[in-house]
Amino acid sequence: MEQISILEGRHKQVFEKKTGGEQVEISCDTSSLSGSVSQRACVFCGSRVVLYPVADALHLVHGPIGCAAYTWDIRGAVSSGSELHRLSFSTDLQEMDVIYGGEKKLYHSLIELIEQYKPKAAFIYSTCIVGLIGDDIEAVCKKVAKETGIPVLPVHSEGFKGTKKDGYKAACHALMQLIGTGSTENISKYSINILGEFNLAGEAWIIRKYYEKMGIEVVSTLTGDGRIDAVRRAHGASLNVVQCSGSMTWLAKEMEQKYGIPYIRVSYFGIEDMSKSLYDVAKHFPERPDIMEAAKQVVSEEVKELYPSLQKFKKALTGKKAAIYVGGAFKTFSLIKALRSIGMSVVLAGSQTGNKDDYARLKEMCDEGTVIVDDSNPVELSKFILEKEADLLIGGVKERPIAFKLGIGFCDHNHERKIPLAGFVGMYNFALEVYQSVMSPVWQFAPRKGVKI
Amino acid sequence: MKHAKTATQNACKLCNPLGACLAFRGIENCVPFLHGSQGCATYIRRYLISHYKEPIDIASSNFHEETAVFGGSHNLKIGLKNVSKQYKPEVIGIATTCLSETIGDDVPMIIREYKAEFKNGSPMPIMIHASTPSYMGSHIDGFHAAVRATVKTLAEKGAQEKLINIFPNMVSPADIRYLKEILEDFKVPYMLLPDYSQTMDGGPWGEYHRIPPGGTPASAIAMAGSAIASIEFGSTLEASKSAAGYLEETFGVPRYHMALPIGIKESDKFFDLLETLTGQERPEKYDDERRRLIDAYADGHKYVFEQKVIIYGEEDLVVGMTAFLTEIGITPILCASGGKSGLLRKSIKELIPNMDELGIKVREGVDFVDIEDEAKLLKPDFLIGNSKGYTMSRKNNIPLIRLGFPIHDRFGGQRMHHLGYRGTQELFDRIVNTVIEQRQNASSIGYTYM
């Protein structure tokens, strides 16, 4: 087979764990290399994914049609009521707007859409060219807010102005404008916000139920099944529980600074991390030992039911090897543990947006010989999948065809999944999906098994 | 309820660079390259993957803030260098985006500079540049711009060959395979562009392919200037924007321009043209296909007669489908497109002169909210178009027959035929079955023979 080399300029973003080997500090937090087919997206994408699940807000994309068209009903973020977030709105800028400016079009679009859909707030996403053509989005938003009486929030998400992480920050900044504007009356002292949980396939509902069983009030979920009114009173909670650390840590820090709300980082994937996320919240309220008791009760009940059902999968999957390439590094940690609990090892672990601490921890967690990558690309992913003889790839839609072409199983752990993978029930679903994909008899025909095609 | 008209809601179109990327995937050993932000490439890859279910590598020059201020020249050059190194392509298909167009990057000049700077390095890939600003037109314009730019870059004048160029428009990989089969059966040398029949619908890989096998070779495209004729599908595709138009203008290769051959009449025109150009009769196999199709029309005619449908999608697909639907007695009460060539109505009128009597309404430049509003008034029996009509189909309880691009919520969109007798047969069967299924479901008896 042809040798595949790593692009120059990417050597510091790829690392293989070896004892006694050179201790390379993985380089991350950098922009993608020009010409490399990054699996990352852009600033706009970062903002869009974070705010997308806010179901009773109007999401208007200011720019040419593509950005809105490609994000129309794209995620599995479900809502218990309003579904305004599932529609796609764009100012659809044309050549003349680029020449003469798009402010008027933005203004009229907003006034008409707000009149028609009566949203609780509006988010206006700037795309690449908006900054260049000099539209004063802030001014238009202020004007429309005044005329309509709802918050109209600019999201500065010009695609090229940074990486996806900057987009997360721009989205959090917009959320910060809302937080603190609602009443905190009647909010329990034993209350939390769930941050960075997007209610994909109803996951936020699963998590919420666990906390509620512990006697904890969930003030708001940011942003899964999100509602503007709930966001407005988020500052009334006693603790912020942050999942998907990549997108929401900034918001948690801001809220800590402004409202004195402490935060903890959690993950809801896998038995170990799911349990820990309940215990860690309980620990925050030491004066109420009954909360910890209730948490233990929830975990024990759930695990009692879950554990035996996983054994079938574990038996089949023991010794199989997985490659993980997902958006956030925190998820990678959980997945490594979750995979180990069903007998699988991890031969490749990476993320689009991990930071230095994340990669240091990843290195610590991984087995000897595991390849660790930051901001990888299809060529690299394929190279390591083949070299390390992985049986499974965990990633998103963009990684799926790589796995299937190479004849290995795949588990979609991204925003488009339609089956909940969080919580205890999510661990079951995850194991089932991995099992169904890895153990399928169709791979007997894959050329990597030496079959002639 | 007052309806917002200024904004586009649930767009019935995609952006210009998407079409260009797809077209570039139809060239052998070619990497599509978007000169713009990272997001454009990633979103387009994701969107195409959901339909074609193939890995699709699209490189990006990955603009940063400084790039936007000082111009994209530096990034583009580094990008080209990196892509050349990692993919070893024979061709790089560079399409611009709204960003690079707005800052006014002179891509042809940057390419010239790049070639001069790196002329002593490893073999220089052929570079094709298509201008595809997202604020103009839609994905179909990007598709044609890329095909035209490809021919413009590669085609040469040579001694006239018994060669036919065929530009099939944005059709499915299955359609492309069928067209190739037809031309091979006619035993005529041909140059079909773009040919993504294998790159977007190929087999499994024993090893990693940086660029999947398949596609029209650059050397074949070079011959396009010496062909005896170009056949170009797409009623609304003007010569000034098309590959065949360029070849006619520059090398005098006659352009035979026609609608997408869907339905018997339009397919006949295509086969007649092939007979004329090659001086051969169509192989018996196609007469058989045609006879079976006529037989099927007879068997199924009662189910479909005077059914009312709304058809939407790219304008040329809408024209082709309208021709087919009217010949089986279905009335497309609305022919809608997000595209805006200004030629949709005229093109339909050419094929169906009595369109107004039939009650065929045409609307260009619409989005799915507009189409839904029409659907509420017109009450069609079903909708025909891509997957993006599902939201309105579900909400209004109108069945949707999926075809074209994208098919994101069904399996096998890339293997669906639309063209010729074979494609028409498939479409006809599906339409009849949709009607039968509806009747069967609505029946209180539940007949088992329909």
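Couple of notes before you dig in:
- Proportion of all alpha-carbon pairs of the stretch A:318-417 beyond 25 Å (%): 7
- For the stretch A:303-366 versus the stretch B:392-429, the gap between their alpha-carbon centres in whole angstrom: 39
- Descending semi-axes in Å of chain B, equivalent ellipsoid built from Cα gyration tensor: 38, 27, 20
- Annotation: the residues A:Tyr259, A:Tyr190, A:Tyr125, B:Tyr447, sorted from fewest to most other C-beta atoms within 10 Å of their own C-beta, follow the order B:Tyr447, A:Tyr259, A:Tyr190, A:Tyr125.
- Sequence-distant aspartates and glutamates (8 or more away, or on other chains) whose Cα lies within less than 14 Å of A:Lys142: A:Glu103
- Shown here for the stretch B:168-217: trypsin sites (Lys or Arg not before Pro) in loop regions (DSSP other than H, G, I, E, B) with at most 16 other Cβ atoms within 10 Å, namely B:Lys187.
- Amide H to amide H distances under 5 Å link A:Glu16 with A:Ile372, where only residues 5 or more positions off or on other chains count and H is placed in the peptide plane.
- When +1 charges are put on Lys and Arg Cβ atoms and -1 charges on Asp and Glu Cβ atoms, the dipole computed for the protein assembly as shown relative to its Cα centre reaches about 1600 debye.
- Modelled FRET efficiency - R0 25 Å, B:Met258 with B:Lys152, Cβ distances, 0.05 increments: 0.65
- Peptide B:52-62 has a mean of 6 when you count, residue by residue, the C-beta atoms of other protein chains within 10 Å of its C-beta.
- In the stretch B:249-339, the GluC sites (Glu not before Pro) that fall in loop regions by DSSP, at most 14 other Cβ within 10 Å: B:Glu281, B:Glu306
- Residues whose amide H lies under 5 Å from that of A:Ala121, counting only those 5 or more places away or on a different chain, are A:Leu58; hydrogens are built 1.01 Å from N in the peptide plane.
- Shape annotation for chain A: C-alpha extents along the principal axes are 66, 59, 41 Å, from largest to smallest.
- Applying a threshold of 27 Å to the alpha-carbon distances of A:Lys383/B:Lys119; B:Lys13/B:Lys157; A:Lys363/B:Lys81; A:Lys12/B:Lys85; A:Lys118/B:Lys53 flags A:Lys383/B:Lys119; B:Lys13/B:Lys157; A:Lys363/B:Lys81; A:Lys118/B:Lys53 as lying beyond it.
- Residue-wise HN-Hα coupling along the stretch B:381-394, computed from phi with Karplus coefficients 6.51, -1.76, 1.60 (Hz; x: Gly, Pro): 6, 7, 10, 10, x, 6, 4, 5, x, 4, 3, 6, 5, 5
- Whole-angstrom gap from the stretch B:154-179 to the stretch A:63-132, using each part's C-alpha centre: 40
- Distance in nm between pseudo-label sites at A:Glu272 and B:Asp106 (7 Å out along the Cβ direction from Cα): 6.0
- Phi-based couplings in Hz for the stretch B:361-374 (Karplus 6.51, -1.76, 1.60; Gly and Pro marked x): 9, 10, 9, 9, x, 9, 10, 6, 6, 4, 5, 5, 4, 5
- Here the average projected area of the convex hull drawn through the C-alpha atoms of the stretch A:43-170 stands at 7.1 nm².
- In the protein assembly as shown, a dipole from Cβ-located charges (positive for Lys and Arg, negative for Asp and Glu) runs towards its positive end, and of B:Pro55, B:Ala174, B:Gln9 it is B:Pro55 whose Cα lies farthest in that direction.
- Check: the stretch A:318-417 dipole with +1 on Lys, Arg Cβ and -1 on Asp, Glu Cβ, in debye: 220
- Candidate lysines - alpha carbon under 16 Å from B:Lys346, same-chain residues fewer than 8 apart omitted: B:Lys361
- The ellipsoid that matches the Cα gyration tensor of the stretch B:16-153 has semi-axes, each √(5λ) in whole angstrom, of 21, 18, 14, with the longest given first.
- All Cα pairs of the protein assembly as shown, percent lying beyond 57 Å: 10
- Neighbour-count ranking [beta-carbon atoms within 10 angstrom, fewest first] of B:Ser73, B:Ser100: B:Ser73, B:Ser100
- Tail fraction, Cα-Cα pairs, the stretch B:344-450, threshold 24 Å, whole percent: 37
- The stretch B:299-319 and the stretch B:331-349 have their alpha-carbon centroids 13 Å apart.
- Residue exposure sequence - A:Ser334, A:Ser440, A:Ser47 - by fewest surrounding Cβ within 10 Å: A:Ser440, A:Ser334, A:Ser47
- Chymotrypsin sites (Phe, Trp or Tyr not before Pro) within the stretch B:302-344, DSSP loop, no more than 16 other Cβ atoms inside 10 Å: B:Phe305
- Distant-in-sequence amide H partners of B:Ile401 (H built 1.01 Å from N, under 5 Å): B:Leu383, B:Ile384, B:Gly385
- Toward the positive end of the charge dipole of the stretch B:241-371, with +1 on the Cβ of Lys and Arg and -1 on the Cβ of Asp and Glu, the farthest Cα among B:Pro353, B:Leu293, B:Tyr303 is that of B:Pro353.
- Under the Debye formula (equal points on every Cα, no solvent term), log10 I(q)/I(0) of the stretch B:92-182 at q = 0.12, 0.18 Å⁻¹: -0.54, -1.00
- Using only side-chain charges placed at the Cβ, +1 for Lys and Arg and -1 for Asp and Glu, the dipole size of chain A relative to its Cα centre rounds to 920 debye.
No lab work stands behind these numbers, since they all come straight from the coordinates. Just so it is clear, the model here is predicted, and its values are computed rather than measured. Heads up, the Cβs are rebuilt from the backbone with ideal geometry, glycines too, and the neighbour counts pull from every protein chain shown.
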